[in-house]
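The values are calculated or read from the model by the stated rules, or taken from the named source; none is laboratory data. Note that the coordinates shown come from a computational prediction; the quantities given were computed from them, not determined experimentally. Neighbour counts are summed over all protein chains in view; Cβ atoms, including those assigned to glycine, are modelled from backbone coordinates with ideal geometry. SASA here: full protein model, heavy atoms, side chains in, ligands and nucleic acids out. Shrake-Rupley method; radii C 1.70, N 1.55, O 1.52, S 1.80 Å.
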Amino acid sequence: MSRTSAILAAAVVFGLAAPAFADTIRVGVTISTTGPAASLGVPQRNSIALLPKEIAGQQVTYTVLDDGADSTRAVANMRKLIEEEKADIIIGTSTTPASLAMINVAAETKVPMISLSASASIIQPMDATKRWVFKVPQNDNLMADAIAGHMAASGVKTVGFIGFNDAYGDGWAKEFTRAAAEKNITIVANERFARADTSVTGQVLKLVAAKPDAVLIAGSGTPAALPQKTLHERAYAGKYYQTHGVANNDFLRVGGKDVEGTILPAGPILVSAQLPDSNPIKAKALEYVKAYEAANGAGSVATFGAHAYDAAILLTAAVPGALAKGKPGSAEFRAALRDSMEAQKNVVMTHGIANMTAEDHNGFDSRARVMVTIEGGAWKLLP
Amino acid sequence: MTRPGLAKLWPLACIALAGLVPWIPGMPAFWVTLLNYTGIAAIVAIGLVVLTGIGGMTSFGQATLLGLGAYTTAIMSKYYDLSPWLGLPAGLLVTAAGATLIGAVTVRLSGHYLALGTIAWSVGLYYTFANLDLVGRNDGISGIPPLEVAGYRLLDARMSFTVIWLGVLLAALATMNLLDSRAGRAIRALKGGAVAAASFGVDTARTRLLAFVYSAVLAGFAGWLYVHMQRSVNPTPFGFYQSIQYLLMAVIGGAAHIPGALLGAALVTLVNDRLQDILPKLFGARGNYESIVFGMLLIAVLQWAPDGLWPLIARFRPRRRAIQADAPRLAAQTMPERGSTLLEVVRLRRNFGGLVAVNDIDFTLKAGEILGLIGPNGAGKSTTFNLITGVDTPSGGIVRFRGGDLTGRPARHVAAQGIARTFQHVKLVPTMSVIENVAIGAHLRGHASPLAGLLRLDRAEDARLYAEAARQLARVGLADAADRPATSLALGQQRIVEIARALCLDPVLLLLDEPAAGLRHNEKAELSTLLRRLRDEGVTILLVEHDMEFVMGLVDRLVVMDFGTKLADGPPDAVRADPRVIEAYLGSVE
Amino acid sequence: MDLSIFLILVQDGVVNGAIYALLALSLVLVFAVTRVILVAQGEFVAFGGLTYAALATGQTPGAIWLLGGLGLAAFAGGLWQERRRMRGGALLRHALFTLALPAAIIAATLVLAPRRAGIVVEVLLAVAIVTPMAPYLYRIAFQPLGNASVLTLLITAVALHLALTGLGLVFFGPEGFRAPPFSDAMILAGPLMIPGQAIWILGLTLALMLGLYAFFEKTLTGKALRATAVNRLGARLVGIPTAQAGVLAFGLAGFIGALSGVLIVPLTTVYYDGGFMIGLRGFTAAIIGGLGSYPGAVLAALLVGVAESFSSFWASAFKEVIVFTAIIPVLLWRSLRHGNGEDEE
């Protein structure tokens, strides 16, 4: 075979792909299963396998694409899911900048989307574009308020902040600065580090020199352990706070004894077994944890994956109402789905209880976060 | 009139036909979206063809330059409510200005320093974007308006397609024009060796900067298209990884070819998309294998086609150039009065560490004579040439030409004085035809700016340059070879091409480094005749040569060197009789 | 800033710089011998670190299967590339190197890993698992490219990096790992607290450098490698095959990478994709040092490490901006001193 004809043949093979359509609800998912946000994206992808294959008598299919936390790919994926897979709804993506890039497409194509990322700026302030966007993780301001509240109650007056040099750390710096000001807490040092940094000694020296009552570390997953370990080495004696970004067992494994006593806000699912039975979230959360660990091994569960599960809970709740107004695959159905999600009240999810309104497309209240500490290498619910 | 041949037009025809693609009935909407991404990437890759494939400068920063254009128009249209169409000139201007600033420092770097330099400033700029409130830090800016034509918002992918591919067409045309112009030949000459280019008056630093800024402007243009299609912007698409993607698109397609850029962009975009569909079907949805398979495919393709895919599809065949023989002749130098002192070399010296390669050499050259510089291997002849022509800097001594001091002046300044040369190791550009190589010699006799070349305003002048090149080629007897790839000639003939190129400079003084090496007997005779005729026309010639028979019959005077010092100086017969020469040199001649 | 902070920052910079120096050395070596800018160098660091972390916690590292796969691929690739030439003894040697060696390492790991055989064995095992990957990759990806341009080799190295990062995610997962330090000792010297691990890093770096020096100066193989670096054609004429020199250079690069990974994983968290940024610093140092000078690379690496540590103290958000823009003047100076940059390729 000549090289030219080989090229042509390759072109033909690559060209062959035409999905057939049946009468089902198509869910398009784009998440960051590779790249810098893979520690969020991987458990999310694993959770997609646990989602219901049938809602209100309708078949549901899921198409999962990886965007590598790159906003160009996230938007391209979204277009692919809508134009090629005819998705009725989009779930994703794992990071804030990429989610922000996607919201234009949602509004323009009139396909609702449920974001899995942290920042409130994805759904606030509400406008004609963000009407199409919902978000299941707790808003970062809810979590920041919780930390500031806990600090104020424990007599913390000064705080040193160190966060990722990316959207996550930046978002936290902004929200926490606001929350701290409301509680008259002063931020005496504001540092950044990169996820893959091998040393944060410089930043830690700066923090220690500022002598804060407490340090808040805003990072996600295992990288957030490094500043805390370095602070320990430098014998920093104040309180340690982390964010809900670290809520997986890998953090405990890497942090070891250096992260004992750390305080953080988290979705109730992190300590689901310790929740009182009266809490309706408990059953939902345990259901997810059980299903996830059955599929991926004991101790593998991470709270980030549960956001994908929550997205499906919201979808499941909204579908019956939408089916009355249109068939899946139609513009009417998608619009109705949006309307129906916006009308949902008291939806119990693994991370909280959502009450959607036209103004609030997250719908969580203080029930969606608990304060947790680390004790004996395990998460412990604080009263 | 030089008319682009069919071979050059058909890619353009393909692009024009491609304009109809999105309107094909049944064309999946997402394919149009993919083609849009392809188009944007192709524009950046075309810039890399000029910069990397042709200019030989590897850049790891193109995506960041794209960011400069993107952020400029994003800020203007989002925060100041200006029309996106205003963002285009502004974006291009900011990118060009930024690139000039960055380039002024970086393109002075050589080789790997340059590559690392591009990484350095692109990492720097990336984190600056990410920490700058003006551009929305890491979250960036969203809700940017789309392009509008007569009040109609180009939201539909098919509308964007038209704009983007019109842009690709423009970029490809402009680049073809540029490369075919005086400035473009200078860029292409960089690959044949900066020394050769500089010896014909090309300002290599400025030419490198030009290639850099041009590629940056294309990237900025792509950034403008990107923003108004994406309608949001944040730092992630402008990082190191994306820059690498553009580079590998160019390389996989064939870094030295414009169609290669299109091919590479299309292939990388398409393969990445298809892998997302195919791999989960093969391996299940439990892992992500796209980057693994993509990397392996890339390695396989590069082993199969190390120079990229385009050269496999279309072998390099320079196009036939129609020469406008009646074009007005270029202005010519007035030759100095025969017999007047033309070149004076006084106590010229060059040390390499402890080694003295040229040791206080003195000689003078009268206008209209042929002077032979001979000596055994390693005598310092070529070094002397390099010292005179500004390729190398003397450690001491003086070079005076027509009364002016030339010592240590850069090569292009020397060339501007009317001194042309050939090289011992032939320095022709392999990717150019014979006549294109020769036309480089006439660089200083044209004045068209790069912009004029881009817009095709330089055709009259370029026709004159090519007419001159054709004339010189005919003069050395290689008119038939004009349209052949330069390196397809025998080595001896390539030396003759170098002479034609030197003659294109309209030289007062011609320095020839072993011109007869590799020539057959009758070819040597022809060369002798040519050189004598040149002398009769008033050209002064200094030549280094090993072939004694050739030298003795040709030169008026000889200077003999050995171990960097001058042994003898005088008419051939007198030198031949000099006992010191016989002892040191002629005794050992091959 | 007081003196104690200054000293701590210098100490931090030097320890990081030592690792960059090791990587810079192997990048210089690989480039000199094969003209490949080994973008994927960082992956060997990550794989080495992650493999050791798994062994040090009593787990069987997934990397052994990667080793086996690469060995198999190198076997097949070598067979295909030299299908006309490879016979008898050569074939046997090829099979021993690409099949028997990984099989032996895999077997040893399966036996030793669950038994917790002690730090020394685990370190050796981690290095043994990762080191051969590099020459296998050379056989698969670079050897067939013989005389390709530096640009093509560079893009091949980029492709390799993409594939290896993807494999890293599959084999090690997205989260980071850490291993217990070689020793818990902490040396107090004035304001400095020098962890034992830092001493290990500095000591082994120094030992490795001396070892490399001895290797290049005293042994025949080392001299042959140097000869290849100076003149590929000449080396071939005197009977040193370039391919073998390439395999050897990559082997050293894999070894240095793996060892660097093992050294840092007790001190910091290592991620599947974390090697790239470490490698980039090594690359930076290698180039500042002149891509040919070993002492120059080491000095530059220490400089990069210290610059990084100080800029993270002064303006951590702009650390990369500071470090990377600060090297431009250095590059400019080197470039001007180096000459006019005539005729690459």
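Quick notes on this structure:
Table: residues versus (1) outside any helix (DSSP H, G or I); (2) touching a helix residue (DSSP H, G or I) at 6+ places or on another chain (Cβ under 7 Å); (3) buried (at least 23 other Cβ atoms within 10 Å of the Cβ); (4) free of Cβ contacts under 8 Å to residues at least 60 places away in the same chain.
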residue	(1), (2), (3), (4)
A:332	no, no, no, yes
A:337	no, yes, yes, no
A:344	yes, yes, no, yes
A:351	yes, yes, yes, no
A:357	yes, no, no, yes
A:363	yes, no, yes, yes
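- Summed over the stretch B:206-229, the residues that are among the charged types (D, E, K, R) and surrounded by fewer than 24 Cβ atoms within 10 Å (Cβ to Cβ) give a count of 1.
- Listed conditions (1) in contact with a Lys or Arg (Cβ under 9 Å, 6 or more places away or on another chain); (2) open to solvent by less than 10 Å² (accessible area, probe 1.4 Å); (3) within 29 Å of residue A:79 (Cβ to Cβ); (4) not hydrophobic (A, V, I, L, M, F, W, C) are all met by residue B:143, apart from (2).
- Condition broken by residue C:287, with the remaining ones in (1) more than 7 Å from every other protein chain (Cβ to nearest Cβ); (2) at pLDDT below 85 satisfied: (1)
- Among the residues listed as C:263, C:299, C:303, the single one being in contact (Cβ under 8 Å) with a residue 12 or more places away in the chain, surrounded by fewer than 23 Cβ atoms within 10 Å (Cβ to Cβ) and part of a helix (DSSP H, G or I): C:303
- Enumerated helices (runs of 4 or more DSSP H) restricted to the stretch B:148-201, each holding at least 2 residues that are surrounded by fewer than 20 Cβ atoms within 10 Å (Cβ to Cβ): B:157-179
- Test: residue A:255 is in contact with a Ser or Thr (Cβ under 6 Å, 6 or more places away or on another chain), assigned by TED's automatic domain parsing to the domain that holds residue A:155 and open to solvent by less than 20 Å² (accessible area, probe 1.4 Å): no
- Given (1) within 18 Å of the chain's Cα centre (by Cα); (2) under 30 Å from residue B:303 (Cβ atoms); (3) more than 14 Å from chain B (Cβ to nearest Cβ), number of the condition residue C:221 does not satisfy: (1)
- One residue from B:97, B:45, B:115 being in contact with a helix residue (DSSP H, G or I) (Cβ under 7 Å, 6 or more places away or on another chain) and either surrounded by fewer than 24 Cβ atoms within 10 Å (Cβ to Cβ) or not acidic (Asp, Glu) (or both): B:45
- Per-region count, the stretch B:237-255, residues open to solvent by 20 Å² or more (accessible area, probe 1.4 Å) and either at the interface with chain C (Cβ under 10 Å from one of its Cβ atoms) or of a type in the set (Val, Ile, Thr) (or both): 3
- The single condition among (1) open to solvent by 20 Å² or more (accessible area, probe 1.4 Å); (2) farther than 30 Å from residue C:231 by Cβ; (3) away from every other protein chain (no Cβ under 11 Å); (4) part of a helix (DSSP H, G or I) that residue C:171 does not satisfy is (3).
- Boolean, residue B:551 is in contact (Cβ under 8 Å) with a residue 24 or more places away in the chain and crowded, with 22+ Cβ neighbours inside 10 Å: no
- Any hit, the stretch A:234-245, residues being within 14 Å of chain C (Cβ to nearest Cβ) and among the hydroxyl-bearing types (Ser, Thr, Tyr): yes
- If the condition is being assigned to a helix (DSSP H, G or I), more than 30 Å from residue C:264 (Cβ to Cβ) and open to solvent by 20 Å² or more (accessible area, probe 1.4 Å), then the stretch A:151-196 contributes A:152, A:153, A:174, A:175, A:177, A:178, A:181, A:182.
- For residue B:265: the one exception among (1) surrounded by fewer than 19 Cβ atoms within 10 Å (Cβ to Cβ); (2) more than 10 Å from chain C (Cβ to nearest Cβ); (3) within 30 Å of residue B:138 (Cβ to Cβ): (1)
- Considering residues of the stretch B:119-140 that are more than 10 Å from chain C (Cβ to nearest Cβ) and part of a helix (DSSP H, G or I) only, the residue nearest to residue C:24 (Cα to Cα): B:129
- Residue in the stretch B:444-466 that is closer than 22 Å to residue B:542 by Cα, polar (S, T, N, Q) and not in a helix (DSSP H, G or I) present: no
- Qualifying residues in the stretch C:3-29 (those that are open to solvent by 10 Å² or more (accessible area, probe 1.4 Å) and among the polar types (S, T, N, Q)) - the one nearest to the other protein chains (Cβ to nearest Cβ): C:16
- Residue check for residue C:45: in a helix (DSSP H, G or I) and open to solvent by 40 Å² or more (accessible area, probe 1.4 Å): no
- The stretch A:213-231, residues that are farther than 21 Å from residue C:310 by Cα and open to solvent by 10 Å² or more (accessible area, probe 1.4 Å): A:213, A:220
- When C:135, C:102, C:61 are screened for being touching a helix residue (DSSP H, G or I) at 6+ places or on another chain (Cβ under 9 Å), outside any helix (DSSP H, G or I), open to solvent by less than 10 Å² (accessible area, probe 1.4 Å) and not aromatic (Phe, Trp, Tyr), only C:61 passes.
- Looking across the stretch B:486-541, the residues that are crowded, with 21+ Cβ neighbours inside 10 Å, among the charged types (D, E, K, R) and in a helix (DSSP H, G or I) come down to B:495, B:498, B:501.
- Just so you know, in the stretch C:138-160 the residues that are surrounded by 24 or more Cβ atoms within 10 Å (Cβ to Cβ) and in contact with a Gly (Cβ under 8 Å, 6 or more places away or on another chain) include one that is nearest to the other protein chains (Cβ to nearest Cβ), and it is C:159.
- Top-ranked residue in the stretch A:104-125 [being out of contact with any Phe, Trp or Tyr (no Cβ under 7 Å at 6 or more places or on another chain) and in a helix (DSSP H, G or I); ranked as farthest from residue B:144 (Cα to Cα)]: A:120
Residue by residue, here is whether (1) outside any helix (DSSP H, G or I); (2) open to solvent by 40 Å² or more (accessible area, probe 1.4 Å); (3) modelled with pLDDT of 85 or more holds:
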{"residue": "C:166", "(1), (2), (3)": "no, no, yes"}
{"residue": "C:194", "(1), (2), (3)": "yes, no, no"}
{"residue": "C:207", "(1), (2), (3)": "no, yes, yes"}
{"residue": "C:210", "(1), (2), (3)": "no, yes, yes"}
{"residue": "C:223", "(1), (2), (3)": "no, yes, no"}
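- Candidates in the stretch A:88-104 are the residues that are open to solvent by less than 10 Å² (accessible area, probe 1.4 Å) and within 23 Å of residue A:221 (Cβ to Cβ); of these, the one that is nearest to the other protein chains (Cβ to nearest Cβ) is A:101.
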